[in-house]
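Take a look at the structure set out below.
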Amino acid sequence: MAQKSLKHKAASGIVWTALQKYSKMIIQFISGIILARLLTPHDYGCIGMLMIFMVMAEAFIDGGFGSALIQKKRPTQEDYSTIFWWNLGMAIVMYAILYVSAPAIARFYDIEILRDVLRMQGIVLFIYAFNIIQRNQLRKKLNFKVLSIISILTSVISLTITIIMAYIGYGVWALVAQNLLVAGIPALAFWFYVKWRPIWTFSWPSFRELFSFGFYMFLTHLLNQFGNQFQGLLIGRFYNANTMGYYSKAQGTEKLASNSISQVLTQVTYPLYAEVQDNKEQLGNMIKRLTMTLAYITFPLLFILLLCAKPIFLFLYSERWLFSVPYFQVLCLVGLAHCLQSVNYQSIAAIGKSRTMFVWTFIKRAMGIGFVVAGLALFGMNGLLWGMVLNAWFSYFVNISLVSKHVGYKWWKQLMDILPMMVVAAVAAVVSYVTADLLHLSIYPDGLVKLFIYCIVYLGWSLLFKPEAFLYTKSIVTPMLSKIRKRFSKK
């Protein structure tokens, strides 16, 4: 009965998370097209340069306690209140550090406006600290319906205001306002919807208990955030705001694609993993199904985007952003690994191996920084991007090795499970590229022909051979679509 209830919650969570993710993605997609014509690469570059400082500060505020509260089966009111006050205190400390450091950061990049931008954007830290507990309570209860509705409303309101500000001529300040609204609207909504309120207490025993797990999660998250943003720091320092803007647009577009499927599943998977953490066989089967489903959907999507990058950027963002195309194409290869990483990564966290995660994250990130720095030193911007590719795949191999050891889903078995999708996706890309190249078409017809041929080859293989991944994907997608249709038909 409990397992049936868990499956129902999982299915409901996936449906609502999918609705939220894709509604938000469509809104961001449309607004991104509009903003790309209203704002310059320099505007995006300024925000991108500051991203490393913001995400590191946010990592210090959360401190891994959000994951610890989800991982703990029955957290108390004392646990929640203790972490709430910790988050708020760290927000004050982090904002003070950013405020004082802002002039030095502006000098580091040699862009004076960054001082005021960072000080204003730093207000997000207080808002973030204010609603972490409520957000995690909803996630722990698998109440993704509320999370999804609030997220969609936030996207609509914030992006509408951002577009208006960009049109009027506020430039980079429109993007700052967007970040404040994206943080502020959910904070207010969660505060009024979730009836939980902190009590005036700070329990050291509770803090130490959660700290024992959360501390390593915090260090792991800190290393991951630094590793994810480190290349932006290098680009901002050794190039200029325009180059950073082109990179930011390429990375944002790639993540919109690679994360579109994986985030729907992984937002639901961590609390589910935590529920079955004592049943390694069930956990291994869950990882296998999710991995194969992600590979089956995401691999062809990213190969298509890599093939059709130029017409896509020209059509969506205008000729101004064509310098982003080569960056985007290399980043698609990063996305192939990233879409699989979190499925394995979260399972290790869910079974309580936070110290193991930290040790291996340190190794992964140290190697990743080495790849990126060596690539930049030897081959410039292209070398930096290919260093990111090596880093992403090295991290994936580490993650599946940890799952192999601690869960029992062997690394070689996982590689064999995703190999058919990888081979067919790559073969379809070669066939579509060669065929289109022989036809010598103009840019838009060339892209359409590549898309058509790719879909014929990949879908033909799926329908003809009916691989296991295709059947898994069908078993997940069909009930989701049926559930969505029923919801809309009731309305």
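Rule-based calculations on the coordinates, nothing more; no lab input. From a predicted model like this one, the values you see are computed outputs, not experimental measurements.
Tabulated data
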quantity	calculated
Percent of Cα-Cα distances greater than 11 Å, calculated over the stretch 298-344	65 percent
Set LYS288/LYS413; LYS364/LYS413; LYS280/LYS353 screened for pairs whose C-alpha atoms are more than 18 Å apart	LYS364/LYS413
Alpha-carbon centroid distance for the pair the stretch 450-464 / the stretch 305-333, whole angstrom	23 Å
Sequence-distant residues sharing a close amide H with THR40 (under 5 Å, placed H)	none
Average silhouette area of the stretch 350-462, convex hull of alpha-carbon atoms, in square nanometres	10.1 nm²
Stretchable slack from GLN77 to TYR193, in nm (0.36 nm times residue separation minus alpha-carbon distance)	40.0 nm
